Every structure is written in C-alpha cells, then in structure tokens.
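The values are calculated or read from the model by the stated rules, or taken from the named source; none is laboratory data. Remember, predicted model here, so these are calculated numbers, not experimental data. Here the Cβ positions follow ideal geometry from the backbone for every residue, glycine too, while neighbour counts run over all protein chains shown.
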Amino acid sequence: MTQNRLIIFDTTLRDGEQCPGASMTSRQKLEVAKQLARLGVDVIEAGFPVISQGDFESVREIATQVKGPKICGLARCLPKDIEAAASALEAAGEAARIHVFLATSQIHRKYKLAKDEEEIMRIAVEGVRLAKRYIKDVEFSAEDASRTEPEFLARIIQKVIEAGATTVNIPDTVGYAVPEEFASLIRYLFDHVQNIDKAVVSVHCHNDLGLAVSNSLAAIKAGARQVEGTINGIGERAGNAALEEIIMALHTRADAFGKIETGIQLKEILRTSRLVSRMSGLAVQRNKAVVGENAFAHAAGIHQDGILKKRETYEIIDPKIIGWEQSELPLTKHSGRAALENRLKLLGFELEKEEIDNIFSQFKEIGDKKKFVYDDDLISLVEGQMTRV
Ligand code: KIV
Ligand code: ZN
C-alpha cells in the first residue's frame, strides 16, 4: 500500500448497531455487509461475538459469505472474548481481523477497571499475544485514548506493537477531543513510539461535540492511515464519525488533505446510506451532509437561479457521482421566477411572458400558505390561465 492509501474501517455493524434502537437481525446485517463490500470499504467490523449468540452467528455468517473486505470481530483482552471472536471469524481465513481493546485513561483505570498502569499494560500485551495465536491481523484499541496521558499511551502502543499488533487504534471514545489537539496527539505518537512504522495508526472518533469528522480528518492530516466510522454516523450516544462525510471531504478537498486514496466506490454511497437507514430503522436527518434529503436541494430563489445557470455556483459535490439522480429545486415561497419557469418547462408547458407573470404571483400566494408548491398546484395554475376568457 502506498503512503497515501487510507484504510476505511466500517463499524456500522458493531459500534453503529450499539446505538439504542438500531439493532438488526443477522439477515439484515448480512445485507448491509454485502453492500459495504460493494461500497469498497477495506474492513467490516461485523460485531462483538462474545456478547450474544446472535452476534456470534452474525459475525460467522458475514465471515462465510462476504468476500473482498477484511472481516473483523471485537473482543476485550479476555481469553473468552478472543476465543469467541477467533471462532466466529474462522471462515474468513486470511481475511480475518481480530480487534482487541482495553481502556487506558486514568478515569477508566481507576473507576472502571481498578487497575494500575502496569497491570493495564500487561493485560493489553497478553490480549494481543493471545489474539495473535489465532489470527495474524490484530488491531489493538486503547479505549479513551484521547483522555489518556500521552506518555503512557505511547508506552502501551509501543508494547502492543512489539506483541504483534498490526493496527493501533486511537479512539476518542467520548468525543472529547478537538481537532488540533487530536492531531497533536497523533503526531506525538509518531514522534515517541519507536516502532510505530511497524503498524498502521488508526483513529476512531465519536461525535459528542459534533467533531467526529473534523477530528478524524485532522488525524489523517497528521498521518493516521486508517479511519473508523459508520455509515450515516450512527453509533453510541451522538454517534461515530460519518464515513460518507470523511470520504467526500477527502475527495472534494484533495487540495487541503493531500491526495489521499481510498478503495471506495463513490457511486455506492447513497445506496449504502439508504440501506443502513432502512435496516437499522434510523432515519437520516434531512439536512445531513452528503446523504440527507436536503443535501442537494436548493430553496432560495437566488440559489435556484445560480444552479440553473451553473451548478457549481452553489454545489461543491456533483450529486450524481455519489448516486443521486440530480440536484433538486423544490418550489417554495423562497423560489424565484427562474425556478418556476424551469419547472413549468419540465412539465411541458410553453407559456407567454404575461401568463408566467400571472402564474408567478399566484404561485407566491400558494407558497405563503404551505411548505411546498407541488406540480399539481402548478398544473392547476396553468389550467387557470388557459381557461381565462
Ligand atoms: O469508542 C471506542 O473506544 C470503541 C472501541 C471499542 C474501539 O468503540
Ligand atoms: Zn466507539
């Protein structure tokens, strides 16, 4: 892989599914996994096999049926977790990845785990060594890394790489980081972990302050070469970094991020978003970047006029490249004459200037009374003109 290749690690089926109300059946998860493979993600985290028989079966099914991406299962640094994950992933063969994690921050060490630094270090190293006995590709996550003392984080990362971790993941578990600080942490690790070049540095950001995508992008700029996230940003609490947003930011602003390459098929983005929404039962907010219903809908008259003259006046992404049919110009009270005329033409009407003037003023009256002016409203207005004596 080149220096600029970014590994896309999708955890929609694990961290995304942890979101309250998002749980899916094994059949639904399999369908999503197949679509993620078409989308071209590099790694699918299919579940947490030890947590339930259903999750175990689902990881096993995905490992058996989905080809292309690596299939990953999550485990704590505990033998029963690691054994369950290894067993669920067996059918993936060389394409299997095991993801072990352990919290490293002081607050988690003290209150959740009641363990000191040395004990945490020992458990992490043993977890990685045990996972390595089953599967070559081992990822280690230092849970709550962004709130961990950087010196301790660097020491533990160095040790897990020595133990065989091939990817080291730096999660912002509680969405506490801010971009420049998170990027500094990544740079700090590059400067202080002697064997860092032996592993891929990954980031995994949560969205509690709405910064998950920004933090992920800052970390990529600082050298991270795997990014973890979910489709539509679903996940614990306020969710995970939305992969479609990261991908489109990198694509659209290559000038700002450098020429980062991914294996993503952009044209599959919208389809994947819609499938995840249907299967998880979680609606996508209308104004969500890239995949929300309004992402390419222009309402203001000035904007609609601009779009009709040249799309790029108000659009930085061509919606067609990610699977949308076209930009939309919904007719509302904000619309101007240009959008009205355009719609009337699309409906097949060729009208005189005076007729359009009349329709335009009636159109504004309707717009003041309801949210949208529909084609049926326009057709009635045109018929009104044609039957005038
Ligand atoms: O947010 C987190 O820290 C996690 C880890 C298990 C990677 O989801
Ligand atoms: Zn997470």
From the list 77, 72, exactly one residue is within 15 Å of ligand 1 (Cβ to nearest atom) and more than 21 Å from the chain's Cα centre (by Cα). Which is it?
77
Within region 77-97, is even one residue in contact with a Cys (Cβ under 7 Å, 6 or more places away or on another chain) and either at pLDDT 95 or above or more than 16 Å from ligand 2 (Cβ to nearest atom) (or both)?
yes
Would you be able to say whether some residue in region 357-372 is in contact (Cβ under 8 Å) with a residue 60 or more places away in the chain, in a loop (DSSP other than H, G, I, E, B) and surrounded by fewer than 13 Cβ atoms within 10 Å (Cβ to Cβ)?
no
The residue from 61, 83, 31 that alone is of a type in the set (Asp, Glu) and out of contact with any helix residue (DSSP H, G or I) (no Cβ under 7 Å at 6 or more places or on another chain) is 83
Of all residues in region 23-54, count the ones that are within 16 Å of ligand 2 (Cβ to nearest atom) and crowded, with 20+ Cβ neighbours inside 10 Å.
6
Quick count over region 130-143, residues being surrounded by fewer than 16 Cβ atoms within 10 Å (Cβ to Cβ) and assigned to a helix (DSSP H, G or I), is 1
The listed residue being closer than 28 Å to residue 35 by Cβ and charged (D, E, K, R), out of 137, 191:
137
For region 166-218, the count of residues that are away from ligand 1 (no atom under 14 Å from the Cβ) and on the phi > 0 side of the Ramachandran plot equals 1
Taking region 147-172 as the region of interest, how many residues are in contact (Cβ under 8 Å) with a residue 40 or more places away in the chain and polar (S, T, N, Q)?
3
When you scan region 101-112, how many residues do you find that are in contact (Cβ under 8 Å) with a residue 24 or more places away in the chain, within 16 Å of ligand 2 (Cβ to nearest atom) and assigned to a helix (DSSP H, G or I)?
1
If you go through 21, 47, 16, the only one that is within 15 Å of ligand 1 (Cβ to nearest atom) and touching a residue at least 60 places away in the same chain (Cβ under 8 Å) is 16
